[in-house]
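One structure is given here, and the rest of the page talks about it.
Rule-based calculations on the coordinates, nothing more; no lab input. Remember, it's a predicted structure, so these values are computed and weren't measured experimentally. Cβ placement follows ideal geometry from the backbone for every residue including glycine, while neighbour counts extend to all protein chains displayed.
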Amino acid sequence: AQSVTQPDIHITVSEGASLELRCNYSYGATPYLFWYVQSPGQGLQLLLKYFSGDTLVQGIKGFEAEFKRSQSSFNLRKPSVHWSDAAEYFCAVGDQAGTALIFGKGTTLSVSS
Amino acid sequence: DVKVTQSSRYLVKRTGEKVFLECVQDMDHENMFWYRQDPGLGLRLIYFSYDVKMKEKGDIPEGYSVSREKKERFSLILESASTNQTSMYLCASKAGTRSGYTFGSGTRLTVV
């Protein structure tokens, strides 16, 4: 079955430290991969997306993600976290047919000072 | 920027009421989606639509219906609201297969 797993429910990172949020997917077709961020009480905002080509993808707000087909992973990274990055992060997978995205259950990021 | 507008941020309805959640997008997107979001469960797809008057069931369509009479508007209908439909409802639209979603701000529905 198609699925997205975000193994970490909650992560706390010190401000200025690096961040990596994990995402693993199970998908039969060639995947399109996305990361979204949700601030409290808000809708989701697209951070970055991967369709093909360079496996390292740059997004907004200084985020990047790396697609590793052999590991079925699409981990999100940021070299230096800011307090404003505290939010919930969702990984999602889709395909070339344009079917509806499948979302992971999310990882909540807290940033400590 | 594409804008997806959900008509209400907060709603409180009584059990058994018929509830309409409205979603409007302003960029002529063909594809529109309704998800519900619950703590620990992430986003679950209720219904989606690829074109006017077309609809497809998602993973949890029971208790819901949808309407898409115009391209820009996609309505979610709770035929007879129940307390287990208390949730955050998110509408999204996208242009094509290589597009990410644009989400609305969400409607937090409480059924009492």
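Quick notes
- Computed on the Cα trace of segment A:57-99, the radius of gyration divided by the Kirkwood hydrodynamic radius gives Rg/Rh = 1.02.
- One decimal place: the segment B:MET27-B:TYR50 gains 6.8 nm when fully extended, by the rule 0.36 nm per residue minus the C-alpha distance.
- Cα coordinate range in the protein assembly as shown, projected on the principal axes (Å, largest first): 49, 39, 34
- Projecting the Cα atoms of A:SER110, A:PHE90, B:SER105 onto the charge dipole of the protein assembly as shown (Cβ charges, centred on the Cα centre) puts B:SER105 farthest toward the positive pole.
- Most mobile listed residue (A:GLN45, A:GLN58, A:GLN71) in chain A, GNM with C-alpha springs under 10 Å: A:GLN71
- Segment A:2-109 - share of DSSP beta bridges that are antiparallel (%, nearest 5): 95 percent
- Residue-wise HN-Hα coupling along segment B:91-103, computed from phi with Karplus coefficients 6.51, -1.76, 1.60 (Hz; x: Gly, Pro): 9, 9, 9, 8, 7, x, 5, 9, 9, x, 7, 10, 9
- 3J(HN,Hα) along segment A:49-58: 8, 10, 10, 5, x, 3, 7, 9, 10, 9 Hz, from the Karplus curve 6.51 cos²θ - 1.76 cosθ + 1.60 with θ = phi - 60°, whole Hz, x for Gly and Pro.
- Among the residues of B:86-98, the average count of other protein chain beta-carbon atoms within 10 Å of the residue beta-carbon is 3.
- Dividing the convex hull volume of the alpha carbon atoms of segment A:36-77 by its residue count gives 80 Å³ per residue.
- Seen from B:TYR89, the other residues with C-beta closer than 14 Å to its C-beta sum to a net charge of +3, counting Lys and Arg as +1 and Asp and Glu as -1.
- For segment B:1-93, the convex hull spanned by the alpha carbon atoms encloses 93 Å³ per residue.
- Normalised Debye scattering of chain A at q = 0.10 Å⁻¹ gives log10 I(q)/I(0) of -0.26, counting only Cα atoms as equal scatterers and leaving out solvent.
- Kirkwood analysis of segment B:57-110, using all unique Cα-Cα pairs, places the hydrodynamic radius at 12.8 Å.
- Reachable aspartates and glutamates, given that their alpha-carbon falls under 12 Å from the alpha-carbon of B:LYS18 and they are not under 8 places away in the same chain: B:GLU79
- Those GluC sites (Glu not before Pro) in segment B:41-77 that DSSP places in a loop and that have at most 10 other beta carbons within 10 Å: B:GLU62
- Cβ-Cβ FRET estimate between B:THR83 and A:ASP54, R0 fixed at 45 Å, reported to 0.05: 0.40
- Charged-residue dipole, Cβ positions (Lys, Arg, Asp, Glu), chain A about Cα centre, Debye nearest 20: 140 debye
- Listed values for segment B:51-67 are Karplus-derived 3J(HN,Hα) couplings in whole Hz (6.51 cos²θ - 1.76 cosθ + 1.60, θ = phi - 60°), namely 6, 4, 6, 10, 8, 9, 6, x, 7, 9, x, 4, x, 10, 9, 9, 9, and x replaces Gly and Pro.
- Residue pairs, from the table B:LYS57/B:LYS94; B:LYS3/B:LYS53; B:LYS70/B:LYS94, whose Cα atoms sit over 19 Å apart: B:LYS3/B:LYS53
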